[in-house]
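The values are calculated or read from the model by the stated rules, or taken from the named source; none is laboratory data. Just so it is clear, the model here is predicted, and its values are computed rather than measured. Note that each Cβ is placed from the backbone with ideal geometry, even for glycine, and that neighbours are counted across all protein chains shown.
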Amino acid sequence: PISRHSRVHFTSQKLKINLTAFNQSVACSRWKKKKMASTSGKLMRAVQYASCGGGAAGLKHAEVPIPTPAKDEVLIKLEAVSINPVNWKVQKGIMRPVLPRKFPRIPCTDVAGEIVEVGSAVQKFKAGDKVVGYLALSQSEGGMAEYAAAKESSTVGRPAEVSAAEGAALPVAGVTAYQALTQVAGLKLDGTGPQRNILVTAASGGVGQYAVQLAKLGNAHVTATCGARNIELVKSLGADEVLDYKTPEGAALKSPSGKKYDAVVHCTTGISWSTFEPNLSGSGKVIDLTPGPSAFMTFALKKLTFSKKQLLPLLADVKAADLECLVELVKEKKLKTVIDSTYPLSKAEDAWAKSIEGHATGKIIVEP
């Protein structure tokens, strides 16, 4: 039997252990709260605009509060941000009154960096993780800044083999090309599907460069259009045939080998349905990634007349699963990013102007 003295000593020791564990738990909790609140009230450099219009001149540099992540968000210290045409189109006002929802607005949606804080409900990530994130267009606090808060559901891990610039280039441009080819054109990127003939217009641009490479992974014969100065580049990405869009043959979109296209990944504007139609196979599709009013009219007409040849507008929905697939392809060196130019945050206006100009070869990156 245990003596009374022994029982008292045992209880005392147990109490000490419990108190020690409690104190450690409290200390850990305080440390976490302190860490989570480390950016609270601090300012960051950002680029924003206060009204629609103005182009690059409408961008202003400012110091604004670092975002506080919601319970389902992560706060990312940004290392790279990419510009997509939709960013300056929103600034131009083509989506009013839907977007922007409020001013001032920090533009850009595609980011990469390191997580510094996580919301209370975040499960997949922790501080210190390298990631790629997509910020919804509906957010007023975008990525042209030193920090950004992203939904956990729109964030994916970034392995060491994928640079910040490569990661930031992927969300809109990469996922758009991916969805056009896999969901609409029906390609299987493991190459197991039947060979299809694919045309990619503006193949040296942000979306086009990915479309060429992904189509080749999907066992396609790829014809591409671009300017004369980029023909060798587009061939290096895997295109089987490359047309200079300024030549009569290029303007007519005719395959040099006489092939008819099963699908067209249309990454530019200014080409009529009448130019596409004679180059399509019997059930060929034009996947229009920059659809205007005429595209939607053609889409409706082809549906009403039960035409096998179709024009299909596509507005990509950036999903984490698709983004993860692209990051993995970059890691495996099966997909590469052509970067046109890189600018510091202090020169964001120059990057903006370059994108508006419309002749970038690949992606334009800003590094905060």
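Here are some notes:
- A count restricted to segment 58-74 and to residues that are part of a strand (DSSP E or B) and of a type in the set (D, E, K, R) stands at 3.
- Looking across segment 96-132, just one residue is free of Cβ contacts under 8 Å to residues at least 24 places away in the same chain and either aliphatic (A, V, I, L, M) or surrounded by 14 or more Cβ atoms within 10 Å (Cβ to Cβ) (or both), and that is V98.
- So S341, is it in contact with a Lys or Arg (Cβ under 9 Å, 6 or more places away or on another chain) and not assigned by TED's automatic domain parsing to the domain that holds L233: yes
- Every test in (1) surrounded by fewer than 19 Cβ atoms within 10 Å (Cβ to Cβ); (2) closer than 30 Å to Q91 by Cβ; (3) under 15 Å from the mean Cα position of the chain (by Cα) is passed by L135 save one, and that test is (1).
- For segment 156-198, the set of residues classified as farther than 16 Å from D317 by Cβ and either of a type in the set (S, T, Y) or touching a helix residue (DSSP H, G or I) at 6+ places or on another chain (Cβ under 6 Å) (or both) consists of R158, P159, E161, V162, S163, E166, L187, L189, T192, I198, listed by residue number.
- Strands (runs of 3 or more DSSP E) within segment 258-368 that include 2 or more residues buried (at least 21 other Cβ atoms within 10 Å of the Cβ) and within 23 Å of the chain's Cα centre (by Cα): 261-266, 280-288, 363-367
- Residue check for K216: at pLDDT 95 or above, part of a helix (DSSP H, G or I) and charged (D, E, K, R): yes
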